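A quick write-up on the structure given underneath.
Nothing in this text is a laboratory measurement; each read-out follows from the coordinates by a stated rule. All values reported here derive from a predicted model rather than from experimental measurement. Backbone-built Cβ (ideal geometry, glycine too); neighbour counts: all protein chains shown.
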Protein chains: 2
Amino acid sequence: MTSSTTISLLSGGLDSATATALAIEKGNQVIGLSFNYGQRHKKEIVAAQSIASYLGLKEHIILNVNLSTWGGSSLTDLKQAIHNQGVIKNVIPNTYVPGRNTVFIAIGLSLAEARNADEIALGINAMDYSGYPDCRPDYLEAYQRLADLATKAGREGHGAKLWAPLVNWSKIQIVEEALRLGIPIEKTWSCYQGNDEACGVCDSCRIRDNALRQSGRADLCVQAKS
Amino acid sequence: MTSSTTISLLSGGLDSATATALAIEKGNQVIGLSFNYGQRHKKEIVAAQSIASYLGLKEHIILNVNLSTWGGSSLTDLKQAIHNQGVIKNVIPNTYVPGRNTVFIAIGLSLAEARNADEIALGINAMDYSGYPDCRPDYLEAYQRLADLATKAGREGHGAKLWAPLVNWSKIQIVEEALRLGIPIEKTWSCYQGNDEACGVCDSCRIRDNALRQSGRADLCVQAKS
């Protein structure tokens, strides 16, 4: 029996590294897919390469799709300062990038069909970032319905399935799973800023560091350590 | 009252030029969006620029998203010969590009949200190309449901609407509408081959030329005439 193939959208962060390791644990062959989308924090691409190498991925593709051509987010428009609004309820922070996950999953679908892959692994998590519209379960369900109609493989009944194992997990659960899977958390990069070291104050750093501290691993509050 | 804004996916072909002209006729401001996706027939991008200029678009963006990185289609993999299978029923031709429209519309959604656009105009047509899974009404309906959940604007109830005015038209209807709208049909490019002149035998040329002949305009069976 041949193993299944997973396309894993690898951002370089903790969540997608964990989803990727879970796909490997299932026995799947994994092709990593990362994006240079004009993000402020390009360093995450280097972290994605580091994680892909550590996990021994069959292949890792980095594609250019420059969403900073039109910006609309503090992550793709350097003129906008990053707002840290994670504590404010019902506000979508300005780190939201218009259409980003929709674009990335669409490109993943293209690759999945070209390579006869069975699933697309996503590190999407709704619990800590309920502000982002494209990180919620209803979004993923609608995307699966579209995917089943969008591709030749989907119409034939063997299209790729979106697999977002962490979607309803807390960040602490993700940290503990990452530790169990042996992921070198210190090699991942989550910070929204594009500096040499993680800022520790943006929403992404804060949520990650809180979970690490609560899991007793404050020593891992470093990022992309070489 | 300010006019509405349309993002128009402009391939350089007849159908998207017609949809774009219809958006302009409605009084909308139109931003053209074209893709360099590693297609064999890059000449269509030059035709798109020519049409954008002729129609006086406010702006025309050409974005790189290299789907030939993985191919999977005779349009993005030069090792595959183009099959002309238009007369064979129930066969999706090898000119189908995995996920292409899904990727293009996703990128259109990103641009639409960043620019507060009201709609995304698509030249998609199901009648002549029922073989392509991503040119059918059920696909567009599923995409609209996704779009309404995918973006901040969609969640707030003012997201962009997908507008595919030609989806159920015959090619002859499209030709006649293009003539009515004054589109310089001879400046568009539909041929799948990447040669200097249109081949006249690929599915795309054949369907276009048949409609032009039936409309009494065999003289327009040229493409990208400068």
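A helix-only calculation puts chain A at -10500 deg cm²/dmol for mean residue ellipticity at 222 nm, using -39500 (n - 2.57) for each DSSP H run of at least four residues, averaged over all residues. If I build a Gaussian network model for chain B, linking alpha-carbon pairs within less than 10 angstrom, which residue out of B:G27, B:G12, B:G123 has the largest mean-square fluctuation? The residue that fluctuates most here is B:G27.
Rounded to the nearest 20 debye, what is the charge dipole size of chain A about its Cα centre when +1 sits on each Lys and Arg Cβ and -1 on each Asp and Glu Cβ?
On the way: 22 positive and 22 negative charges, 41 e Å.
Roughly 200 debye for chain A.
When chain B is treated as a GNM, springs tying every alpha-carbon pair under 10 Å, which of B:D138, B:D203, B:D77 comes out with the largest mean-square fluctuation? Fluctuation is largest for B:D138.
Can you tell me, using C-alpha contacts under 8 Å and at least 6 residues apart, the relative contact order of chain B as a whole percent?
Relative contact order for chain B comes out at 23 percent.
For segment A:151-226, averaging the sequence separation of C-alpha pairs within contact (under 8 Å, six or more residues apart) and dividing by the residue count gives a relative contact order of 29 percent. Taking GluC sites (Glu not before Pro) in DSSP loop states with no more than 13 other Cβ atoms inside 10 Å as exposed sites, chain B has its longest site-free stretch at B:1-155.
Under conditions of 25 °C and 0.890 mPa s, chain B yields 139 µm² s⁻¹ as its translational diffusion coefficient, taking Rh as the Kirkwood radius over Cα pairs in the Stokes-Einstein equation.
Each residue in B:Y54, B:Y143 was given a count of other beta-carbon atoms within 10 angstrom of its own, and listing them fewest first yields B:Y54, B:Y143. Each part gets one Cα centre, and for segment A:60-113 versus segment A:1-37 those centres are 20 Å apart.
Counting beta carbons within 10 Å around each of B:L146, A:L33, A:L220 and listing the fewest first gives the order A:L220, A:L33, B:L146.
Charges were assigned to the Cβ only: +1 to each Lys and Arg, -1 to each Asp and Glu. The resulting dipole of segment B:64-128 about its Cα centre is roughly 260 debye. Placing a pseudo-label 7 Å from each Cα along the Cα-to-Cβ vector at A:S68 and B:S226 gives an inter-label distance of 3.4 nm.
In peptide B:151-163, what is the residue-averaged number of other protein chain Cβ atoms found within 10 Å of each Cβ?
The mean count of partner-chain Cβ atoms within 10 Å per residue comes to 3.
For segment B:1-75, the orientation-averaged shadow of the C-alpha convex hull comes to 5.2 nm² (one quarter of the hull surface). Select from A:A211, A:A150, A:A117 the residue whose mean-square fluctuation is largest in a Gaussian network model of chain A (Cα-Cα springs shorter than 10 Å). Of A:A211, A:A150, A:A117, the Gaussian network model singles out A:A150 as fluctuating most. Look at the alpha carbon pairs under 8 Å that are at least 6 residues apart: their mean separation over the length of segment B:19-116 gives a relative contact order of 24 percent. Centroid-to-centroid, using Cα positions, segment A:136-182 and segment B:144-181 are 27 Å apart.
Pairwise Cα distances in segment A:31-71 exceed 14 Å for 46 percent of all pairs. Couplings for segment B:144-155, taken from phi via the Karplus curve 6.51 cos²θ - 1.76 cosθ + 1.60 with θ = phi - 60°, read 4, 4, 5, 4, 5, 9, 7, 10, 4, 4, x, 5 Hz in order; Gly and Pro are left as x.
Across the cross-link table entries B:K26/B:K161; A:K152/B:K79; A:K171/A:K225; B:K42/B:K225; B:K26/B:K58, which are compared at the Cα atoms, the separations over 18 Å belong to A:K152/B:K79; A:K171/A:K225. Placing +1 on the Cβ of each Lys and Arg and -1 on the Cβ of each Asp and Glu in the protein assembly as shown, which of B:T69, B:T6, B:T18 has its Cα farthest towards the positive end of the resulting dipole? Towards the positive end, the residue furthest out is B:T69. With viscosity 1.567 mPa s and temperature 4 °C, the Kirkwood radius over alpha carbon pairs of segment A:28-148 converts through Stokes-Einstein to a diffusion coefficient of 82 µm²/s.
To the nearest ten degrees, helix A:100-114 and the longest principal axis of the Cα atoms of chain A are 30 degrees apart. Put a plus charge on the Cβ of each Lys and Arg, a minus charge on the Cβ of each Asp and Glu, and nothing anywhere else: the dipole of segment B:130-226 about its Cα centre is then about 180 debye. Over all pairs of different C-alpha atoms in segment A:98-226, the reciprocal of the mean inverse distance, the Kirkwood hydrodynamic radius, equals 16.2 Å. Taking the empirical scaling 2.2 N^0.38 Å for compact globular proteins as reference, the protein assembly as shown has a Cα radius of gyration ratio of 1.01.
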